[in-house]
Amino acid sequence: MSVLSSAASDQAASSTEPLTILQDVFGYAAFRGQQQAIVDHVTAGNDALVLMPTGGGKSLCYQIPAIARHRAGKGVTVVVSPLIALMHDQVGALEEVGVHAAFLNSSLSQEDTQRIEREMMAGRMVMLYAAPERVTNLRFQAQLASLHERGLLSLFAIDEAHCVSQWGHDFREDYLQLSMLHERFPDVPRLALTATADDQTRADMIERLQLQDARVFISSFDRPNIRYALVEKDNPRQQLLRFIRDEHDGDAGIVYCQSRKKVEETAAWLNEQGISALPYHAGLDSAVRQKHQDRFLREDGLVMVATIAFGMGIDKPDVRFVAHLDLPKNIEAYYQETGRAGRDGGDADAWLTYGLADVVNQRRMIDESPAHDDFKRVQRGKLDALLALAEAHDCRRVRLLAYFGEESQPCGNCDNCLHPPATWDGTEAARKMLSCIYRFWQHGRQRFGAGHLIDVLRGKQTDKVQQYGHHSLSTFGVGADLSENQWRAVLRQLVALGHVVAEGEFNTLTLTDSARAVLKGEVNLTLREAVEAPRRGRATKSGGKASSAPADLIGDALSRYNELKAWRAGVASEHNLPAYVVFHDATLADMARISPQSLGELGSISGVGAKKLEAYGEQLLAVLQP
Ligand code: ADP
Ligand code: ZN
C-alpha cells in the first residue's frame, strides 16, 4: 500500500469492500484462512458460527463486517464479550486504527455512560462492546429496540460463545439469556465465535443460541508454531526453572497452577530465582488482580503465575510459553490455556509436568463434586482423554487435533516427534503391583499408599515393613529390578486407567473390579520411559536477559529494533495501552529489518494501516534515521 493522497484516503475511508478495509484500516495485505469467506458471509447479513483456534484471527471476522456495514449506513454492531477487564484494550486498539468504538460496563462514570449511549443511539459508533448481563438488561434492550426501529442495529457478535454451554468449561449463566437477541431481533444478523468446542459443546451452542440456520465455519485447530511437551514430574520447580532459564529467558509466559497457595508460592520462588513473576488468582483483591494483569500486558518479559481464573480473553500476542505445573481438567481446557502462547505466530512452547498426584487429584475432584452422575461420567471421559494424551508415545498434535475431530500427520514439532520416547512392556509389573495391593488387604485387612507399596515391591527393609510384617509377603522384593520412578509410572497408569483408586487423607490404594483382567494378564500395558523434554536449542544470545529479539536481528538491525521498542513503550504509556496495541513485535521487527526511509516504504509493512501511518509515520522515520 502506498501513501494515500487525501482524496484517495477519503475514498478508502468510505469503501465497504472488505479487502480494502483490511489493507487500509488494519494494514494487513491479505485475509488468512477462512476470514474472507466469513467476512463476506456476515457483511451480506447472514448468521455464522465461527470456530477458529486462538490466534487464528477471529476479531477481524466481526470487526470488518462491522466497519463495512457501518459505512453502508447499517449502524452499530454490538459485541458481546464476557470480560469487562479487557474491553478497554480492545476498544483502545480499534481507536488506534481509527475505528470509533466504545464499551459499556460498570467501571464507567455516569457521565461517560451517558455520552457513549448518546453516540450509540445516534448510530455514530461502529462497535459497542458490552458484557452479556448488560446486553440483556431492560434498559439496554429498550435502546436496542429503538436503534432497530430506525434501522441502525447492524450486527450482533457473540465472542467466547462456548460460555453458553454447560459442557464447556467456562459456563456462564448470563450467556443463556442471549437467545433473546434472536427472539427480539430476528432480522439482525448474528455471529458467534469461539476457539474451543468439542462436538457436544458445539451442538449445545447452536441450540442455545438458536443458530440452527447459521453457516458453520470450522477452521483447522492446529497451532503449528506451538511446540507441545508433557513431561513426568520429578522435582517440578527445578524442572520449571530449567525450562524457563534454558529456553525462555526474558520472555513473557504464563505458569498455571491449580491452587491459590501454589500460585503464591511459585511466584515468590521464581522471583527469588531472579525471574520476574506475578501471582494471579481469584482470591486476590480485584485491584491487585487488575494491576498484575495490566503489568503483564504492558511490560515486557513478565511471567504470570496463575490459576485458571487468569487468561480468558487475554490477547497478548507475544506470550512465548504456557507452562502447567498441575494437570488441567480436560483437553479443551488444556488446549485453550496453551493456546494463549504464540498468538503472533512466532515460536512458542506449551509445557506441562504431571505425576501420580495429579491423576489422583483430578479423579477425586470429579468423584467428590456435587454434580449428577451423567455429568460426572462425561467429565471422567474427558479426563481419560487427557491422561491418554499425557501418556502417549506418538505425536501429541495428532491426538489433540483428533480430539477436535481433525485428522493429521505427525507434526515434527512436539516432544514425541522430536525425541520418540522409548517404551517398555509394563504388563508384568502391573500384575505384581496389583497383586501386592491385594496381599496387603489379605494379610491384615489394611490399605497403604504409593510409597509403602513401592518399598515392598522393591524389597526395602523399612520400619513400616517391619511393623506390618510385610517382608513375609510373597510380593516382597519381586520388583527390585525396576526403579522407583518406573514403579510410579506403572501406578500412574493403573490409576489413570481406573484399575486402582486412591482414597482418603493418605491416598490409600484399592483395587477396582477392572483390576481382575489385568491380574489375569488380559490387559497389556505399554509405558513410556521417563525422558526430559527436548530443548529448543536456541542460540543463546549474548547478554542473555537483555533482549528477546528475533534471532535474525543482529548488529544495526538489532539496535534499530531496541530503539523502536523504546519508542513504542513511550507511546503506549502515553496512551495507557499495552505496547502491542501500538505495533506488534513482528511489525517492529520488519521495520528494523527493512529500515524504511519514506512514508511509502513504511506503509507497505504489515501492520501499518493508514491511521497509524498518519499518526506515527514521521516519528518512526526519525527513529529509523541512519
Ligand atoms: P483470535 O481472537 O482468533 O485469538 P485475533 O483476532 O486476536 O485472534 O488475531 C490474532 C493476531 O493475528 C492479531 O494480532 C491480529 O492482528 C493478527 N491477524 C489477524 N488476521 C490477520 C491477517 N489477515 N493478516 C495479518 N495479521 C492478522
Ligand atoms: Zn508431533
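The values are calculated or read from the model by the stated rules, or taken from the named source; none is laboratory data. Bear in mind the structure is a predicted one, so any value in this text is a computation, not a measurement. Note that each Cβ is placed from the backbone with ideal geometry, even for glycine, and that neighbours are counted across all protein chains shown. Please note that ligands, DNA and RNA were not included when accessible areas were found on the heavy atoms of the full protein model with its side chains. Shrake-Rupley method; radii C 1.70, N 1.55, O 1.52, S 1.80 Å.
Structural remarks
- Across the stretch 591-602, coupling constants 3J(HN,Hα) worked out from phi with the 6.51/-1.76/1.60 Karplus curve, θ = phi - 60°, read 4, 5, 5, 7, 6, x, 10, 9, 4, x, 5, 4 Hz, and Gly and Pro carry x.
- Asn485-Asn562 FRET efficiency (beta carbon distance; Förster radius 45 Å; 0.05 resolution): 0.50
- Close amide H partners of Arg343, meaning residues 5 or more places away or on another chain with modelled amide H under 5 Å apart, are Val319.
- The chain, accessible surface, carbon-and-sulfur percent (1.4 angstrom probe): 48 percent
- The stretch 438-486: trypsin sites (Lys or Arg not before Pro) falling in loop per DSSP and having at most 10 other Cβ within 10 Å: Arg445
- Accessible area in the full protein assembly, largest first, 1.4 Å probe, for Ile38, Ile206, Ile308: Ile308, Ile206, Ile38
- Annotation: amide H-H contacts under 5 Å for Gly301 (H modelled 1.01 Å from N, sequence separation of 5 or more, or interchain): Ala252.
- Using alpha carbons only: equivalent-ellipsoid semi-axes of the chain, gyration tensor based, whole Å: 50, 29, 20
- Set of the stretch 576-596 residues, backbone N closer than 14 Å to the point 7 Å along the Cα-Cβ line of Ala29: 587, 590-591, 594
- Cα-centre dipole for the stretch 150-211 with unit charges at Cβ (Lys and Arg positive, Asp and Glu negative), debye to 20: 320 debye
- The HN-Hα couplings worked out from phi for the stretch 604-612 by the Karplus form 6.51 cos²θ - 1.76 cosθ + 1.60 (θ = phi - 60°) are 8, 7, 4, x, 9, x, 4, 5, 5 Hz, whole numbers, x standing for Gly and Pro.
- Solvent-accessible ranking of Arg488, Arg516, Arg223, largest area first, probe 1.4 Å: Arg516, Arg488, Arg223
- With N the number of residues in the stretch 157-236, Rg(Cα) / (2.2 N^0.38 Å) evaluates to 1.40.
- Once backbone amide H atoms are built at 1.01 Å from N, Val216 has Leu49 as its partners under 5 Å, excluding neighbours fewer than 5 places away on the same chain.
- Multiplying the residue separation of His471 and His372 by 0.36 nm and removing their Cα-Cα distance gives an extension gain of 31.3 nm.
- With the simple spin-label model, which puts each label point 7 Å out from Cα in the Cβ direction, the Val523 to His100 separation comes to 6.5 nm.
- Net length available on complete extension from Ala203 to Ala142 is 18.9 nm, with 0.36 nm assigned per residue and the Cα-Cα distance removed.
- Computed lengthening from Arg439 to Gln273, 0.36 nm per intervening residue step minus Cα-Cα distance: 55.2 nm
- Pairs from the table (Lys74/Lys316; Lys316/Lys565; Lys432/Lys460) lying more than 21 angstrom apart at Cα are Lys74/Lys316.
- Computed 3J(HN,Hα) for the stretch 79-89, one whole-Hz value per residue from the Karplus formula 6.51 cos²θ - 1.76 cosθ + 1.60 where θ = phi - 60°, is 9, 8, 9, x, 10, 4, 4, 9, 4, 4, 5, glycine and proline marked x.
- Signed unit charges on C-beta, dipole axis of the stretch 133-195, positive-most listed residue Phe171, Leu152, Ala192: Leu152
- CD proxy at 222 nm, helix term only [per DSSP H run n ≥ 4: -39500 (n - 2.57); per residue of the chain; nearest 500]: -13500 deg cm²/dmol
- Accessible area (Å², 1.4 Å probe, nearest 10) - Leu519: 60 Å²
- Relative packing of 41-49, 156-164, which averages over residues the other C-beta atoms within 10 Å, highest first: 156-164, 41-49
- In this structure the stretch 226-418 gives 37 Å² per residue of accessible area when probed at 1.4 Å with all protein chains present.
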